[in-house]
Structure formats: structure tokens, C-alpha cells
Amino acid sequence: MLALGLLAGGGALIGGQKRAAAQMKPATAPAKPRGQVVAGISQEPTVFNPLMPGSEVDQGVWWQLFSPLWHIDPQGRFVPDLAREVPSVANGGLSADGLTWKIRLRSDAKWHDGTPFTAEDVKYTLELINTPGFRVRNRIGHNLVRDIAIVAPDEIHWRMEGAYSPYLSILALTFMVPRHILAKADDPNTAPFNNRPIGTGPFRWGERVAGDNLLLQASESYHGAGPHLERVVFKYIPDLTALYTQFRTGQVDYLGIGGIPAHFAKEAESLKGRRISRSPTPFVEHIALNLEFGPFANKVVREALYLAMDKQARIDAIYYGLPVATESFLPRESWAFEPDLPVHRHDPARANALLDAAGWTRGANGIREKSGVRLSFANSTTTGNPGREQSQQLLQQDWRAIGAEMKISNMPAAVIWGDFWQKSKFESVTVGSNFMIGNDPDVTPRFSGKAIPAKQGAGLNTYQYQNAEMDKLLALGASQFDQRERKATYSQIQRMIREDLVLLPVYQSVMAEGLKEGLNGFAPNINCSSNCWNMRDWFWAS
């Protein structure tokens, strides 16, 4: 749920990216798979069972090997994949109360070993996810499934314990696994399948050279359109500068997932024979505040800190003008995004006036105090992230100017994202987060009063935010199936989070990705964890 890489974006840039995507997509693809793509990545994929915890690079591989029941396109629409149609009240797939689900499946899909895909595989996948002891990536939503019934080889029904509309999106990111293989394993956690998987996706397993590359080959039996490539090679190059150099010299055809470092983005746009896509991502960079830490419990302090923050200076000086300032935790491309939130302004004079009026007086060293409490706190992020470290230094200056002392206390990723983050032991953290579940805006795990891990709650509300009205809105939004009604609910939720300044939003990230001239079909998609999501559509112009 956390993103610690390049964060960048911009409304005008997004428009340019769309125009570039249109230019890269000719009318026709080859009748038979042809050629290969070398995809350069800075982290090595190591998790090949798509139900297990994995990173964005792992998920980029899963999209090639496996299929969900339906997926989400760049416009946020559900598109049938292994299912014949996406269930709805209108087509009879969902009951009006959202509790009964009826899924009709394709009858022509096959596993890479030739075995037919059936409802038995769907039932097995859902039951495996909920099996105690299985090392699963996510049980949210799945844990509500009850009474799974196979009606026919191509039809499956189940009942939900409670109406939960985000489950449509969760299933769009849940890849089906083969019952006829994994059910025979003594332990699915250690099954040979996990290192040489068999799926229903557009590409099948080829060969892996650990520490170097992974080769996937076109599946002749794929049930959908494509694939149009014979091979996909994921090339692992851990050094970002070396990775960019190989893209520049033509050894890498596509540089994504981690993206092109911001300081190379403009140069990359001038390279002959290369196209650069400034691809929006769902990650929102923000200052996470522990609302139960002394000064932060006071909303006036949060308002003053936000007014004193010079967002644009950070965007321009550190990220070369790539990020887009935001007020919401949702990306602009989300169907639920609320565009009319109050716009931040950099106003140190107003910040000082607020603190003066609230009784925060400056001490001898210029740091404010109130009732014996100093306006002093730590800010943490992962060590070894130059952009974040420079950003902290600018923020430190901004806040010192209004009498707030920010101390920098960075840590290795394994430390900061452990109990320090999960149990709200921090004071403030600089972090980028994806608040969505696929294309769904449900943020119950983030902002519900029952989702505070430090108070024995199950969720990700490490801000320790508690608001009874918010809890009611969250419950309403997660039970609604009409998108217009949900949009109104999540508009209220965004307004409340912005009004309360639960977090200090900075910008939405946009990743600079590179493609070699002639490579077609690339389509950035904020609703998937990887822009490799549709490699089945990629092809070389003849």
C-alpha cells in the first residue's frame, strides 16, 4: 500500500500523455505473435503465486501469466475476462441487496497445460484465499464470501455475509489459480507451482535466470485477443542510472514500473527513436500525522503547518516540475475524485497569525510553546531516498519560519514500515500511498475508527483518526452499488478529510516511462498496480 519511488505528475502532462498514447496505437496488430519486448525493471520479481504478497514488479508478471474474472480498463470500467459478463443487478448477476452473486464463466478458457478452466477453479481460489495458514496477499472482501455453489462448469454462485460493493474491484485484481495443480500440493505455500506457475494468461512461463531476467512466451491457447508478441523478457537492472542508460542505448525496449528518474525525464523526451509517457499513478505523497501526538491533536496546528508548506517549491526544485499538487487522497483519474476541494495556498503570515491567536508563543530559541508543550516533532521516511531527504530539508525550513521545529529521523524500510508505522509510534512520516482498492475509493481501512492498529483495530488507520460521522459515511459508501450515489458519498468523505486535515496532501505522482519507437498498445492505467497490465495488446509496428 506504500510507494517510495519517483512521485510526479501534472494535468497538462496527462493530456500530453494521452495524445502520445493515441499516436502510438495504429489500427491493426499482427495476425500472429511476432517479436519480443525487453522490459527493464529495477527490482527483481520473485513471487509468482498471484495470491501471495508481492510487489508491483511481481504483479507486472502476474498480469501476463494469469487472468482475473474481469479487469479494469484505464477509464475505470470493468471488462469481462474469465467471466462472460460483469455481474450487476441489471443482468441478474447481483441481487438488489448485494448479497447474492451469480457469475457466468467463459467455456473456452484453458490453463497453459491444456486443462479447461471451470467454476471448480474459481471455488478453489476463493477457498484457498480464506484458508487459515495460507500466506495470502489480501482477505479483505473475500472473508465475506459464504455458501459457494457450483451450478455448472461455467457458472458459480455465492452469498456475501454483508453487502460490500468494493468486492467487484477486489475481484478485478484477484487472479484465478488452478485447482488441478495446487489442490494436489502438500502445502500451497511451498508448492512447486510457486516457482514455475501455470495460468490462463496471454503468456506462459519460459525460463528464469535468478538475478538477471525472466522470459515469458506467448500462449497459443489464450482465450482473449492477443498476445501479439512472441516473447516478453523482464530484465532486472538494480541501478536506476544503468537501467536508464540501457534504455537510451536501445538494449531495453520499455522502462517502467520504477520509471525514469526525474532528473533524466527531460533528456529522455529529446531522445530520437524513443517515446516518453508521463503516466499518472494512484499514489498520493503526503505528510502522515499521528493525530494523538501532542501538538497534532490541535487542528489549528495542522492548519498552520499546511499553510506554511511551500508545495510548489518542492515540486519544482526536487522533481523538476513533474508532480501535480493535490488536495485529495484520490487520484484525479478516479471516477470518485472531488475536484472542488479548497485549494492550498502558501501563506506563512496567516500560519503565524493562527498560532499566535491559539496561544502558541515563541520561546527564546524561536520555537513556539503552549502549556509547556513545544511545537517540536520528528518527521521520518526511508533512508537512501534523495528526493524525500531534500524534501524534508525544505519542509524543515518552511516550518521553522513559523516557529515549528521539525527533526529528521529516517530509518531503513524494514524498520519504518514495521510497528513504527503500523502501531502509530511515529510523530509524522513522509510517505506516498495508494488509497484505492483497484478503482474503488473505499477508504474504510484508512479512516475508520475501528481500523486503528494501535487500538487493536484491523486496518491501516495509523493516523489514529476518529470521527463518528466519517464512520457512518464509510459504511454507507461500501454498501452502495449505484456509482452516482457512491460518488456523492465519497465527495463528502474527501471534503471531511480535507477539512479535518487528517493528513497534509502534497501531490499525486506521475511516473515517466519510456518506450522504444514502434512499440504500440501501451496504456497507462491507475487502476492496476503495473502499467504492464495489458502486454497482451502490445505489438511492434511492421
Item to check | Rough spin-label spacing in nm, given labels placed 7 Å along Cα→Cβ, for Asn365 and Asp73 | outcome: 5.9 nm
Checklist entry - Quick one: if the Förster radius is 30 Å, what FRET efficiency do Gln43 and Lys425 give, using the C-beta to C-beta distance and rounding to 0.05? => result 0.65
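What is the dipole size for the stretch 62-113, taken about its Cα centre, with +1 at each Lys and Arg Cβ and -1 at each Asp and Glu Cβ, in debye to the nearest 20? All intermediate terms of the calculation are to be shown ahead of the outcome.
On the way: 6 positive and 6 negative charges, 22 e Å.
Using only the charged Cβ atoms, the result is roughly 100 debye.
Grab the Cα-Cα distance for Val209 and Ala185, subtract it from 0.36 nm times how many residues apart they are, and report the gain in nm with one decimal.
On the way: separation 24, 0.36 × 24 = 8.64 nm, distance 2.47 nm.
Extending this stretch completely gives an extra 6.2 nm.
Over the stretch 281-510, what is the mean sequence separation of C-alpha contacts under 8 Å (at least six apart), divided by residue count, expressed as relative contact order in percent?
Numbers: 401 pairs, mean separation 76.2, N = 230.
So the answer I get is 33 percent.
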Item to check | Structure-based [θ]222 nm, the chain - -39500 (n - 2.57) summed over DSSP H runs of at least 4, per residue, nearest 500 | outcome: -7500 deg cm²/dmol
Item to check | Folded to 0 to 90 degrees: helix 11-23 orientation relative to the chain principal axis, Cα | outcome: 20 degrees
Checklist outcome for this item: Under the Karplus relation with 6.51, -1.76 and 1.60 and θ = phi - 60°, whole-Hz ³J(HN,Hα) for the stretch 295-301, x at Gly and Pro, equal x, 6, 5, 8, 4, 4, 5
Next on the checklist: Which residue, Leu291, Trp399, Gly363, has the largest displacement toward the positive end of the dipole of the stretch 281-510 when charges sit on each Cβ (Lys, Arg +1; Asp, Glu -1)?
Outcome noted: Gly363
Item to check | Those residues of the stretch 343-385 whose amide nitrogen sits under 12 Å from the label point placed on Asp310, 7 Å along Cα→Cβ | outcome: 346-348
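As an exercise, use a Förster radius of 41 Å and the Cβ-Cβ distance of Asp147 and Arg34 to find the FRET efficiency, rounded to the nearest 0.05.
Working: r = 47 Å, r/R0 = 1.15.
E between Asp147 and Arg34, to the nearest 0.05, is 0.30.
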Checklist entry - Based on the alpha-carbon gyration tensor of the stretch 197-282 and its eigenvalue square roots a ≥ b ≥ c, which shape applies: rounded if a/c is under 1.5, prolate if not and a/b is larger than b/c, or oblate? => result prolate
Checklist outcome for this item: Between Ala297 and Phe134, the FRET efficiency computed from the C-beta separation at R0 = 45 Å comes out, to the nearest 0.05, as 0.65
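Mind putting a number on the dipole of the chain about its Cα centre? Charges go on the C-beta only, +1 for Lys and Arg and -1 for Asp and Glu, and I need it in Debye to the nearest 20.
Numbers: 57 positive and 54 negative charges, 99 e Å.
Charge dipole of the chain: 480 debye, to the nearest 20.
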Item to check | In nm, spacing of pseudo-spin labels at Asp356 and Lys110 (7 Å Cα→C-beta vector) | outcome: 7.9 nm
Next on the checklist: Tell me which chymotrypsin sites (Phe, Trp or Tyr not before Pro) from the stretch 462-534 have a DSSP coil assignment and no more than 16 other beta carbons within 10 Å of their own.
Outcome noted: Phe481
Item to check | Protection proxy ranking of 137-149, 394-406 - average other beta-carbon atoms within 10 Å, highest first | outcome: 394-406, 137-149
Checklist entry - Among [x] 22, 59, 19, 0; [y] 21, 53, 24, 2; [z] 17, 42, 28, 8, 4, 1, 0, which one is P(r) over Cα pairs in 20 Å bins from 0, in percent computed from these coordinates? => result [y]
Next on the checklist: Tell me which trypsin sites (Lys or Arg not before Pro) from the stretch 274-360 have a DSSP coil assignment and no more than 11 other beta carbons within 10 Å of their own.
Outcome noted: Arg345
Checklist entry - Which of the aspartates and glutamates could a cross-linker span from Lys299 if the Cα-Cα distance has to be under 20 Å and same-chain partners fewer than 8 positions apart are dropped? => result Asp310, Glu327, Asp347, Asp356, Glu369, Asp398, Glu405, Glu427, Glu469, Asp471, Glu499, Asp500
Next on the checklist: Under 8 Å for C-alpha pairs, at least 6 residues apart: give me the relative contact order for the chain, rounded to a whole percent.
Outcome noted: 24 percent
Checklist outcome for this item: Here, chymotrypsin sites (Phe, Trp or Tyr not before Pro) of the stretch 225-328 satisfying both criteria (DSSP loop; at most 16 other Cβ within 10 Å) are Phe293, Tyr320
Checklist outcome for this item: For Lys487, counting only lysines whose alpha-carbon sits under 17 Å away and dropping same-chain residues fewer than eight positions off, the answer is Lys472
Checklist entry - Each label point is 7 Å from the Cα along the Cα-to-Cβ direction; what then is the distance between the points at Trp335 and Glu269, in nm? => result 3.2 nm
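So if each residue of separation counts as 0.36 nm, and I subtract the Cα-Cα distance between Glu161 and Glu499, what length gain in nm does that give? It would help to have the intermediate numbers written out before the result.
On the way: separation 338, 0.36 × 338 = 121.68 nm, distance 3.38 nm.
Length difference between fully extended and current span is 118.3 nm.
Using DSSP, restrict attention to beta bridges with both residues in the chain and report what percent are antiparallel, rounded to the nearest 5.
Numbers: 59 of 74 bridges.
Beta bridges within the chain, antiparallel portion: roughly 80 percent.
Can you classify the stretch 107-152 as rounded, prolate or oblate using the Cα gyration tensor, where a ≥ b ≥ c are the square roots of its eigenvalues, rounded means a/c under 1.5, and otherwise it's prolate if a/b beats b/c and oblate if not? Show your work: numbers first, answer last.
On the way: a/c = 2.89, a/b = 1.59, b/c = 1.82.
In terms of gyration-tensor shape, oblate.
Values in this text are rule-based calculations from the coordinates and carry no lab data. Small disclaimer: the values here were computed from a predicted structure and weren't measured. Here Cβ is always computed from backbone atoms with ideal geometry, including for glycine, and neighbour counts include all displayed protein chains.
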